[in-house]
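Written out below as structure tokens is the structure these notes cover.
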Amino acid sequence: MPFPFPWMDFLSSTPNSGSPKTVISGYTMFNKLIPTNKQFFELFEKSSALLEQGAETLVQAVGNPDRFHEYALKLERLEHDGDSLTHEILILLDKSFITPIDREDIYELVQALDDCLDAIESVTERMQLYRLSVPTEPMKQLASLIRQQTIQIHVMLPLIPGFKYERVIPYCKEINRLENVADKVARDALGELFLGATDPIQVMKWKDIYEYLEMATDKCEDVAGIVERIVLKHG
């Protein structure tokens with residue numbers, strides 16, 4: 001029975017190698033160690049789908065203050081699902097003998113996706129912790145920008161296996177542009193906050209919220225940078 005790699009020829013010299021069952025069993029064992037490209041890429045897509053759902057849930061939360069707690073719980077569940085998926089990918093990475101792209105790139109990409117969702121969930125978590133019940137207009141704008149970034153990420157990730165830079169780079173540029181817009185919104189919001197507020201405790205609370213929103217946009221940009229590097233390296 002032919003093997004896909006020369007180094008697997010040793011199977012033919014193992015005890016009882018004359019038995020077809022033994023040879024097939026050995027071949028199957030090595031096949032399990034070598035996941036198809038689709039395994040990692042499909043899991044990346046699942047992770048980006050969770051991220052997009054998380055961003056959409058944040059937009060719904062800030063747009064419906066009376067149902068904020070409901071959406072915050074939903075976002076918490078999505079974040080837990082994201083953590084489980086991240087662990088699944090890392091376990092697969094640990095057990096894989098050969099990977100479709102460099103191991104460090106897989107690790108960095110999955111961690112960046114997880115960091116994005118963590119930052120989004122931290123916004124609603126702190127809103128409840130600080131007893132902030134009325135989202136501000138800048139908060140709504142930032143949530144919308146994050147959602148737009150995650151949509152771009154979700155569309156971009158399935159393009160990785162093709163390793164076509166010209167197909168991926170428009171999404172990377174748009175994610176970067178949205179991050180720049182978010183930076184300005186966050187800076188203006190902080191400026192207004194320090195200029196007009198009289199309660200220092202409230203200032204500290206909202207400053208923290210804006211920083212987590214800006215962190216989420218930064219993490220989305222990190223994802224774009226990692227994807228761009230992967231495609232350049234393997235294209």
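Laid out as a table, the results:
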item: Residues of the stretch 176-235 that turn out to be under 17 Å from Ala119 (Cβ atoms) and of a type in the set (Gly, Ala, Ser), as a count; result: 6
item: Contacts under 8 angstrom Cβ, first residue in the stretch 87-111 being in contact (Cβ under 8 Å) with a residue 60 or more places away in the chain and surrounded by 15 or more Cβ atoms within 10 Å (Cβ to Cβ), partner of a type in the set (Lys, Arg) and in a helix (DSSP H, G or I), 6 or more apart; result: Ile101/Lys233; Asp105/Arg229; Asp105/Lys233
item: Breaking point among (1) assigned to a loop (DSSP other than H, G, I, E, B); (2) modelled with pLDDT of 95 or more, for Pro15; result: (2)
item: Pair list, Cβ < 9 Å and 6+ apart or interchain, from the stretch 147-163 residues that are over 14 Å from Phe44 (Cβ atoms) and among the basic types (Lys, Arg) to residues that are at pLDDT 95 or above and surrounded by fewer than 23 Cβ atoms within 10 Å (Cβ to Cβ); result: Arg147/Glu52; Arg147/Glu56; Arg147/Val59
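Here's the yes/no breakdown for (1) touching a helix residue (DSSP H, G or I) at 6+ places or on another chain (Cβ under 7 Å); (2) hydroxyl-bearing (Ser, Thr, Tyr); (3) farther than 30 Å from Lys184 by Cβ; (4) not assigned by TED's automatic domain parsing to the domain that holds Met215:
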| residue | (1), (2), (3), (4) |
| --- | --- |
| Glu76 | yes, no, no, no |
| Gly82 | yes, no, no, no |
| Leu85 | yes, no, yes, no |
| Asp94 | no, no, yes, no |
| Tyr107 | yes, yes, yes, no |
| Val134 | yes, no, no, no |
| Ile146 | yes, no, no, no |
| Gln152 | yes, no, no, no |
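The values are calculated or read from the model by the stated rules, or taken from the named source; none is laboratory data. Everything numeric in this text was worked out from a predicted model, so none of it was measured. Using ideal geometry, Cβ is built from the backbone for each residue, glycine included, and neighbour counts are taken over all protein chains shown.
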